[in-house]
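Everything below concerns the one structure shown next.
The values are calculated or read from the model by the stated rules, or taken from the named source; none is laboratory data. What you see is a predicted model; the values in this text were computed from it and never measured. Virtual Cβ from ideal backbone geometry, glycine too; neighbours counted across all protein chains shown. The protein model used for the area step is the full one, side chains on, heavy atoms only, and it has no ligands, DNA or RNA in it. Shrake-Rupley method; radii C 1.70, N 1.55, O 1.52, S 1.80 Å.
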Amino acid sequence: MTQTHTSAEPTLFRIAGFPYFLIAFIARLPFAMMVVGVLTVVVSARGSLSLGGLTSAAVGLGTACFGPLLGAAADRFGQRVVLLIVALANGTMLLLFTVVVYGESPDALVLIAAIGIGATAPQVSPLSRSRLVTLIRERVEDSRQPRTVSGTMAYESAADETVFVFGPFIVGILASAIAPWAPLVGAAILTVVFVGAFALHPSARHVSRDRGEDGKALSPASELFRPQLLVVILGILGVGIFFGTMLTSLTSFMADRDAAEQAGLLYGVMGVGSAVLALGVAWLPPAFSLRARWLVFSGILLAGSLLLGLVDSPEMMMLALAIMGIGIGPTLVTQYSFGAALSPRGRSATVMTMLGSGIVVGQSIGAAVAGEIAENVGTSAALVLPMFAAAVAFGAGLLNWVLSSSRTRRRTVAA
């Protein structure tokens, strides 16, 4: 009887359904379009690249500050009501920002409106991770859950990277074909329609069931600050810093060769490899443990980043990016898998949005610092920053190895 049940057990794809994955994928696009879209419209309307950069950073600041709060609200009140509210609020803020930036409003009001866009940005990616992990824990046999969670985190990370490749591309098409304001209007429409559909999908009912009758989580908020979970957040912050510093320093590197417009193409070498290998994590053997994967793949990332100290041509840079792409995607998948495993009961959405905000904070800090150093000190100095970021991710992996080993020993003694 047990064998029959196992063989007939549905896959996650069948449980959630194809429409879910399609809706969740498209619902991510507005977030990927926002930062570049804001930069494009500000530079066009106000003629200031400096203000455009500050405005893009303001969007990231709003997301970083309010993202975890939206996750906590989703855990407390359910994803459906939270997502419906922020979908309408974010669509409104995108349109309001467009009006403000083309008007006679002072720059300070433009920055405030940008923070509003980030603050209301629907956290589709982390909430999708939380939702799917809950479905796995409810519907998938215990013995299959670790591998299914790993595969889910792999798909989610690959989907994120794919969206962040296509998002700026769509912005470029709309801005060129229609007007600079078109990407923000398009993002507003996509937000209301597809984030709304994501909110109304039946799977939203399965989120945060580890709550009491009053809606509160069964675990205290203090569990969000356990060392094991904080180490994961530190590691993913390092990955975010890497993304921000790498793209900025790469742009400076190519600008020194009068080919700044090719920076995105070179960066795509790392992005494509990262997405493909992120998907491949699902097929790694269970004997290759999560904590070992973190060390191995972040080690590859660190090794590739050290080559940045030697690059003297676009070809050499492409090789370094290809090696780093092998490490970055699987590292990110592993960190999200740890986040899913360590989420306190009833606080899965909070943890996932904390991790997502860690990436956003890291990107914002990394891009800002790398830009300053590249402009005032030079490209060579800026290229040191991705090495530092990779070292942070690897160092967090070492700490995680120690903490995971201690946790394993405690379980063995208890048994």
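Helices meeting the span-like rule in the chain (full DSSP H runs, Cα extent of at least 20 Å along the helix axis, mean Kyte-Doolittle score of -1.0 or higher): 18-46, 49-77, 79-102, 124-139, 145-177, 227-255, 263-280, 290-306, 314-342, 348-376, 384-414.
Once you have the Kirkwood Rh of the range 43-92 from its Cα pairs, apply Stokes-Einstein at 20 °C and 1.002 mPa s and quote D in µm²/s. Don't skip to the answer; put the middle values down first.
Numbers: Rh = 12.6 Å.
Taking Rh from Cα pairs, D becomes 170 µm²/s.
Accessible surface of the range 279-415, 1.4 Å probe: 70 percent of it comes from carbon and sulfur atoms. Per residue of the chain, the DSSP helices (runs of n ≥ 4 H) give a summed -39500 (n - 2.57) that works out to -27000 deg cm²/dmol at 222 nm.
Taking amide H as placed 1.01 Å from N in the peptide plane, Ser105 has no amide H partner under 5 Å among residues 5 or more places away or on another chain. Accessible surface computed residue by residue for the range 278-415, with neighbouring protein chains in place and a 1.4 Å probe, gives 42 Å² per residue. Return an integer: the convex hull volume of the alpha-carbon atoms of the range 292-335, in Å³ per residue. Convex hull volume per residue, Cα atoms: 45 Å³.
When you restrict to C-alpha pairs under 8 Å that are six or more residues apart and normalise by the size of the range 42-200, the relative contact order lands at 32 percent.
Each Lys and Arg Cβ is given +1 and each Asp and Glu Cβ -1; about its Cα centre, the range 285-404 then shows a dipole of about 720 debye. Rg and Dmax of the range 87-133, based on Cα coordinates, read 13.7, 47 Å. What the range 122-204 shows is 37 Å² of accessible area per residue, with the surface traced by a 1.4 Å probe over protein heavy atoms. The fraction of Cα-Cα pairs per 10 angstrom bin, counted from 0 for the chain, comes to 5, 22, 32, 26, 12, 3, 0, 0 percent, rounded to whole percents.
Seen through its C-alpha gyration tensor, with square-root eigenvalues sorted a ≥ b ≥ c, the range 222-295 comes out oblate because a/c lies at 1.5 or above while a/b is not bigger than b/c. Relative to its residue count, the range 256-360 spans a Cα convex hull of 116 Å³ per residue.
Per-residue counts of other Cβ atoms within 10 Å, averaged by peptide: what ranking do you get for 185-197, 96-108, highest first?
185-197, 96-108
Using a 1.4 angstrom probe on heavy atoms only, work out the carbon and sulfur share of the accessible area of the range 98-137 in %. Mind showing how you got there, number by number?
Numbers: 880 of 1280 Å².
Whole-percent figure for carbon plus sulfur exposure: 69.
Please find the FRET efficiency linking Glu372 to Arg46, where r is the Cβ-Cβ separation and R0 is fixed at 22 Å, and quote it to the nearest 0.05. Calculated transfer efficiency: 0.55. Quick one: Debye curve from the alpha-carbon atoms of the range 1-138 only, equal weights, vacuum; give me log10 I(q)/I(0) at q = 0.11 Å⁻¹ to two decimals. Each listed q corresponds, in turn, to -0.49.
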